[in-house]
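Data first, discussion second: the structure below is written as structure tokens.
The values are calculated or read from the model by the stated rules, or taken from the named source; none is laboratory data. What you are looking at is a predicted structure, and each value in this text was computed from that prediction instead of being measured. Neighbour counts are summed over all protein chains in view; Cβ atoms, including those assigned to glycine, are modelled from backbone coordinates with ideal geometry. For accessibility, only protein heavy atoms count, side chains too; no ligands or nucleic acids. Shrake-Rupley method; radii C 1.70, N 1.55, O 1.52, S 1.80 Å.
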Amino acid sequence: SPAQNTGSQTGRGLELEATWDATRNLRLAGSFSLQRSIDQATGQDAGLAPHKRLFGRADWRIAPSWQLGTTINHVADRKRQPGDTRPQIADYTTVDMSLKREKFAGSWDIRASVLNLFNQDAREPTFAPGNIPFDLPLPGRAFYIQLQHNF
């Protein structure tokens, strides 16, 4: 049978976000969020969603037409749903990097990226008992090349 939303939750949280042009060639951006959701039926933490998340990004123009970018994403303090007896899900931190060359061929840009640079075993929690007993694995290290035509 198809999945259905049931029950009720009450959630509270906050998010702070900032961007700073540290120099003419360096932009820093980031956010920090806190949240907590309570299952109204049990009075316990509803589980699954992270209580804390930290995100940071740095974009650095290393030379004319060249840009280096780094992103850090930290997800922490996720609880299981009430009644789920599996071990708590681990926190994770992923790092992504990219190198962009603007106008490398006429009006074409090219970007090379590596996501999850350190091949972190990052997982998102699943419902119990569910069909995915060991949580949903996020992609490991991945490489991408992107071409973009600017009109």
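So, with +1 on the Cβ of K and R and -1 on the Cβ of D and E, and no other charges, what is the size of the charge dipole of the range 4-151 about its Cα centre, to the nearest 20 debye?
The calculated dipole for the range 4-151 is roughly 340 debye.
Take the solvent-accessible surface of the protein heavy atoms, probe 1.4 Å, and return the percent of it on the chain that carbon and sulfur atoms account for.
57 percent
Set Lys and Arg Cβ to +1 and Asp and Glu Cβ to -1, take the dipole of the chain about its Cα centre, and tell me which of 115, 51, 150 lies farthest positive.
Of the options given, the answer is 150.
Within the range 53-93, find all residues whose amide N lies under 17 Å from a label point positioned 7 Å from the Cα of residue 134 along Cα-to-beta-carbon.
Within reach of a label on residue 134: 86-91.
In square nanometres, what is the average projected area of the Cα convex hull of the range 62-141?
Its Cα hull, projected and averaged over all orientations, spans 7.2 nm².
Among 139-149, 102-112, what's the highest-first ranking by average C-beta atoms within 10 angstrom per residue?
On the way: 139-149: 10.4, 102-112: 12.8.
Packing order, densest peptide first, comes out as 102-112, 139-149.
Per residue, how large is the accessible surface of the chain? Use a 1.4 angstrom probe and give square angstrom.
70 Å²
What relative contact order, as a whole-number percentage, does the chain give when Cα pairs under 8 Å and 6 or more residues apart are counted?
With pairs under 8 Å counted, the relative contact order is 15 percent.
Within the P(r) computed for the chain, what percentage of the Cα pairs occupies the region above 25 Å? Spell out each step's value before the answer.
Numbers: 5350 of 11325 pairs.
Of all Cα-Cα pairs in the chain, 47 percent lie more than 25 Å apart.
Given a Förster distance of 35 Å, report the FRET efficiency between residue 107 and residue 127 from their Cβ-Cβ distance, rounded to the nearest 0.05.
The calculated FRET efficiency here is 0.15.
Can you list which of the trypsin sites (Lys or Arg not before Pro) found in the range 19-50 are DSSP loop residues with at most 13 other C-beta atoms within 10 Å?
24
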